[in-house]
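Heads up: the structure comes next, in structure tokens.
The values are calculated or read from the model by the stated rules, or taken from the named source; none is laboratory data. Treat the numbers as computed from the prediction; the structure is a model and nothing was measured. Glycine gets a Cβ as well: all are built from the backbone with ideal geometry, and neighbour counts include every protein chain shown. The area values use the complete protein model at the heavy-atom level, side chains included, leaving out ligands, DNA and RNA. Shrake-Rupley method; radii C 1.70, N 1.55, O 1.52, S 1.80 Å.
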Amino acid sequence: MPKIIKPAGGTFTTADITVDSSGRIIAASTGTAGGNNMKPVLWSVGPNSGTFTSNASKVLIYAASAGGGGGGRGPGSNSGRGGGPGFIGIFSDSITAPFTAPYAIGSVGTSATGNSVGNAGGNTAFGNILTISGGNGGQHGQPGQNPGNNGTVTSGTADITGVTSNNSYQKMFMFGQAGNQITGTPSFRGVSVGGKGQSNDSTGQPGIDGQAGALLVYTDSL
């Protein structure tokens, strides 16, 4: 008895098909598309703030807080210490469209003059998904002593974290090299690296500012 083949005429998007043992298509219907690729939709360096709006269902965020400023040096006194570097985290989350979230990107930690300590770098935050604190300012103290504390993730759960003075994490944001954080001529310092303290001399010069935070956001809407 001849086999009856179902009609499958028409145009189908991402088609689901059924093929019999003779290689003939015996059924076809419109299927379901796979997941979209992630697309960059926001890139900014601090200080900056705004509101992010998207119709996506998934968000991927690279966020870095700002570095702290270097400590000052007083006339004839000890050197200032370097500021603490910012912190970097990669976060992912499912979102429900339409999605809206405020964001803020940390500003540089400014340096200090004389016997004063440097100022902390600014925090970076994105809605209720993440907050990363900036690096602490450098202290006034003996050269070679530890710089200010690193920033840290204070809210949210990061998939990957690291200190922005680490060369591997710098490359993710195309950061520059940190250079010498305590004394000497500064090399190029990229986003979020801590500022330098200054060597002791007779003029009471200030330290060097830290660097700003950064934010890079991807969504699955193409």
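Figure legend. Inter-residue proximity from the stretch 29-43: first residues closer than 22 Å to residue 17 by Cα and at pLDDT below 75, second residues part of a strand (DSSP E or B) and among the acidic types (Asp, Glu), beta-carbon distance below 9 Å, spacing 6+ or different chains. Indicated pairs: 29/16; 30/16; 31/16; 32/16.
Take the residues of the stretch 102-115 that are crowded, with 18+ Cβ neighbours inside 10 Å and of a type in the set (Gly, Ala, Ser): which is nearest to residue 58 (Cα to Cα)?
Within the stretch 102-115, the first condition is being crowded, with 18+ Cβ neighbours inside 10 Å, and the residues that meet it are 103-112.
Narrowing the set further to residues that are of a type in the set (Gly, Ala, Ser) leaves 104, 106-107, 109, 111-112.
Values: 104: 20, 106: 24, 107: 27, 109: 32, 111: 39, 112: 42 Å.
That would be 104.
Number of residues in the stretch 84-109 that are part of a loop (DSSP other than H, G, I, E, B), farther than 17 Å from residue 133 by Cα and of a type in the set (A, V, I, L, M): the value is 2. The C-beta contact set for the stretch 114-130 (first residue touching a residue at least 40 places away in the same chain (Cβ under 8 Å) and assigned to a loop (DSSP other than H, G, I, E, B), second residue surrounded by fewer than 24 Cβ atoms within 10 Å (Cβ to Cβ) and among the aliphatic types (A, V, I, L, M), distance under 6 angstrom, 6+ apart or interchain) comprises 127/101. The conditions of being of a type outside the set (Val, Ile, Thr), open to solvent by less than 50 Å² (accessible area, probe 1.4 Å), modelled with pLDDT of 65 or more and more than 16 Å from residue 109 (Cα to Cα) are not met by residue 159. Here residue 78 qualifies as closer than 30 Å to residue 140 by Cα, at pLDDT below 70 and either in a strand (DSSP E or B) or in contact with a strand residue (DSSP E or B) (Cβ under 9 Å, 6 or more places away or on another chain) (or both).
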